[in-house]
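These notes concern the structure reproduced below.
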Amino acid sequence: MSTPPVTETRQERKERTRRALLDAALDQLAEESFGSLSLRRLTKAVGIVPTAFYRHFASLDELGLSLVDESFVTLRAMIRDVRRDRPAADELIDRSVDVLSAQLDANMAHFRFIGRERYGGVTAVREAVTHELGLIERELATDLARMPGLEKWGAEDLRLLAGLFLTSTVAAAGEMVSPEAEAPAVRRRIEQTLRHQARMVVVGATGWQPLDER
């Protein structure tokens, strides 16, 4: 007895097409900036007419904001994994680099998109990336406040320290998704440099006199 065909609902078809548009955009953004994304080329890749795009997104900018949202879901999940159990500084650094490397391999397109559009030419997308990074910086500052030796630091000092960690991590992630980093030796060098930079920041922090105590 044959199995009857599974009928896809209208909503399921709509979600499938929306997902296809996001995936096709990520594929095309592997080689170009979001500002260069072509609506005609994007819809052709998905197999729909250009006007059908607007059943799923009000504009290309809205599609870009959706990519930012789902890209940072990945990044926030990575950070939650790292922060679990509140490890000591050295362990936190090593765990951060290991998790970053694994997440990059699993979500290369999203991290490449974040790295490029952080300074991209489309204002709405660039500001959304900046906003999300700012939220992560504030969360990291809150975590740093619980670390031994930093309990008396003020909010501004903690924000600056969190910014140093975040800036070096985002820069390293950008290098890791470059074509050159496909070579294992280059990838290892980038990871090792990030570990050294993070440890240097920690060492510097131990000798830092909080601004509000000067």
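Since every read-out is calculated from the coordinates, none of them should be taken as a lab result. Quick caveat: nothing in here was measured; it's all calculated off a predicted structure. Note that we place each Cβ from the backbone using ideal geometry, even for glycine, and neighbour counts take in every protein chain shown.
A DSSP coil position with no more than 10 other Cβ atoms inside 10 Å describes the following trypsin sites (Lys or Arg not before Pro) in region 75-179: 84, 146, 152.
What does the charge dipole of the chain about its Cα centre add up to, to the nearest 20 debye, if the Cβ of each Lys and Arg holds +1 and the Cβ of each Asp and Glu holds -1? Could you put the intermediate results ahead of the total?
Numbers: 30 positive and 33 negative charges, 109 e Å.
Roughly 520 debye for the chain.
Note on residue 127 and residue 196: the model spin-label points, each 7 Å out from Cα along the C-beta direction, lie 4.0 nm apart. Stretching the chain fully between residue 186 and residue 77 yields a gain of 36.7 nm (0.36 nm per residue, less the alpha carbon separation). Mean residue ellipticity, 222 nm, helices only, the chain: the sum of -39500 (n - 2.57) across DSSP H runs of n ≥ 4, divided by residue count and rounded to 500, is -23000 deg cm²/dmol.
Under the simplified labelling scheme, the residue 39-residue 167 pair shows an inter-label distance of 3.9 nm, with each label point 7 Å from Cα along Cα→Cβ. Which of rounded, prolate, oblate describes region 96-176, given a ≥ b ≥ c as roots of the alpha-carbon gyration tensor eigenvalues and a/c under 1.5 marking rounded, otherwise prolate only if a/b is larger than b/c? Since a/c reaches 1.5 but b/c is at least a/b, the shape of region 96-176 is classed as oblate. For region 8-57, the dipole from Cβ point charges (+1 on Lys and Arg, -1 on Asp and Glu) about the Cα centre works out to 320 debye, to the nearest 20. With all projection directions averaged, the alpha carbon convex hull of region 60-207 covers 8.8 nm². May I ask you to list, by number, the DSSP H helices of the chain whose Cα span along the axis is at least 30 Å and whose average Kyte-Doolittle hydropathy reaches -0.5 or more? Counting only whole DSSP H runs, the qualifying helices are 60-83, 123-144, 155-176, 184-206.
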